[in-house]
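Chemist: Once you've had a glance at the structure underneath, I'll fire off some questions.
The values are calculated or read from the model by the stated rules, or taken from the named source; none is laboratory data. Because the structure is a prediction, the values reported are computed rather than measured. Neighbour counts are summed over all protein chains in view; Cβ atoms, including those assigned to glycine, are modelled from backbone coordinates with ideal geometry. All accessible areas refer to the heavy atoms of the entire protein, side chains included, with ligands and DNA or RNA removed. Shrake-Rupley method; radii C 1.70, N 1.55, O 1.52, S 1.80 Å.
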Amino acid sequence: MKEPFSNLLQKAWVDLHDPLVAWQIAILLSCFVLAWAAGRALRLDRVEADGIWKFGVGGFRRILFPVVALIPLVLAITLLKTWIEVDLLRLFVPLLVSLLLVRIFFYLLRHVFARGSVVRTFEKTIGVLVWGALVLHVSGLLPEVIAHLDEITFHLGKQKLTLWLVLQGLFWVVLTLLTALWLSGAIEARLMRAQSLHSSLRVVFSRLATALLLLLAVFLVLPLVGIDLTVLSVLGGAIGVGLGFGLQKIASNYVSGFIILLDRSIRMGDLITVDNFHGEVRNITTRYVVVRAPDGREAIIPNEMLITTTVLNHSYSNRQVRLAIPVQVGYSGDPERALGLMVEAAGKHPRVLADPPPKAFLARFADSGIELELGVWIDDPETGMLNIRSELNLAIWRTFREAGIDIPYPQREVRILSGAGGASGGIG
């Protein structure tokens, strides 16, 4: 099987000088057009599926182009090799096979690593590099490229390095780190499904597992690239100096993050107020906390601020929150009846808790009317508090209108008094 691919590039270059190469080019274009048309006709990106079917449809969509192009190409080579030279067609067989393998490999990686990981971010770049290496291997050019890279040398201190050695080291570094990230992702997924553990502890254990696996990966890969582990003592001293100066805040945020996760003072879903910003805790990381306000704004708050400043946690011991709704009635009305109607209107709202029950109070005697206050308790403040205020105000207004109770508005009386000596005043 290796003999047909040993000198494919040279034979294809010879075919390009043959007038009959137009047949090979036409066959190649036909295969590519057929693969493109198959993808457009099937429209697999619009197929709705769940679970294993979604995984299968996505994988088939990835390999559709190389598979559809490869099948007629192989048939054309088999049928036409006795009539014309087909070395140009043979050159594209390993290219398409390599593309097929790379797409399958990276489609599996997309489902192994979480969304937003380094692998998914640089998927195309890594895919092009892997595909290029496979193409060089099947075309027989890889040994020559390796020999050329091995001739490029440079010195790092007293150690002599080659470009090929550096590339090998980078390969093992990337492979080891990817393995560590995959294991940490698997551990994190397993921990997040453990309902017996508190959510904060699950986050702590997953972060610790990731840090330990990455540290282990570094210790394993350094000897592979020829770096003595004793140099880490010097590196540790440099890191200590850096932490003492420029990295002090960053280290403080990471330590504060673990403290928050361990003491559970702030948890996912808590309603907190920090630095006059109120919202729900949506994410807790080892460096910062994401708080989402009811209007959709999100604040990224460093963990150190949550440790060193006062944080109002509105749902620390329980999620019940009291809402105070002020209402005014006229002095000519019946305040006791108004208080009863307010409690009755609040009791009909589905979000208002029955225990503690809603209560209404006479707050004070104001200039324009008697100020009343309705106090209600809810246990779902994350769904919004302005909406329930509006609904309760509308319910009270309808109830007062049906009962004939007026809600006063400010009024002023202006009197014009005559001046001294009986002179009449006026407005000019």
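Chemist: Ordering R319, R43 by how much accessible area each has at a 1.4 Å probe, largest first, what is the list?
Modeler: Sorted by accessible area, descending: R43, R319.
Chemist: Using a/c under 1.5 as the rounded threshold, could you call the stretch 325-428 rounded, prolate or oblate? The axes a ≥ b ≥ c are square roots of the C-alpha gyration tensor eigenvalues, and prolate needs a/b larger than b/c, oblate otherwise.
Modeler: Here the stretch 325-428 falls in the prolate category.
Chemist: Calculate, for the stretch 267-400, the solvent-accessible area per residue in square angstrom, rolling a 1.4 angstrom probe over the heavy atoms of the protein chains.
Modeler: 54 Å²
Chemist: Please report how far the C-alpha centroid of the stretch 311-373 lies from that of the stretch 253-279, rounded to the nearest whole angstrom.
Modeler: Here the answer is 31 Å between Cα centres.
Chemist: Any chance you could look up the accessible area of K81 with a 1.4 Å probe, heavy atoms only, rounded to 10 Å²?
Modeler: About 110 Å², ignoring ligands and nucleic acids.
Chemist: Suppose R0 equals 51 Å. What FRET efficiency, 1/(1 + (r/R0)^6) with r the Cβ-Cβ distance, do L362 and I259 give to the nearest 0.05?
Modeler: 0.65
Chemist: What percentage of the solvent-accessible surface of the stretch 317-428, computed with a 1.4 Å probe over protein heavy atoms, is contributed by carbon and sulfur atoms?
Modeler: It is 52 percent, rounded to a whole number.
Chemist: With label points built 7 Å along Cα→Cβ from the Cα atoms of F277 and L215, find their separation and express it in nm.
Modeler: 3.1 nm
Chemist: Please arrange W83, W164 by accessible surface area, largest first, computed with a 1.4 Å probe and ligands excluded.
Modeler: Per-residue accessible area, sorted high to low, gives W83, W164.
Chemist: Show the residues, 5+ positions off or on another chain, whose built amide H is closer than 5 Å to the amide H of A363.
Modeler: E371, L372, E373
Chemist: Using a 1.4 angstrom probe with every protein chain in place, what is the largest-first accessible-area order of E402, E344?
Modeler: E402, E344
Chemist: Turning to a different aspect of this structure: Multiply the residue separation of E344 and E371 by 0.36 nm, subtract the distance between their alpha-carbon atoms, and state the gained length in nm to one decimal.
Modeler: Using 0.36 nm per residue and subtracting the Cα-Cα distance, I get 7.9 nm.
Chemist: Rounded to the nearest 0.05, what FRET efficiency is calculated for L75 and W36 with R0 set to 22 Å and r the Cβ-Cβ distance?
Modeler: 0.75
Chemist: How would the stretch 306-386 be classified by its alpha-carbon gyration tensor: rounded, prolate or oblate, with rounded meaning a/c under 1.5 and the a/b versus b/c comparison settling the rest?
Modeler: It comes out oblate by the Cα gyration axes.
Chemist: Label points 7 Å out from Cα along the Cβ direction at D150 and V130: separation in nm?
Modeler: Once both label points are built, they end up 2.6 nm from each other.
Chemist: I'd like the accessible area for Y254: 1.4 Å probe, protein heavy atoms, all chains in place, Å² to the nearest 10.
Modeler: 100 Å²
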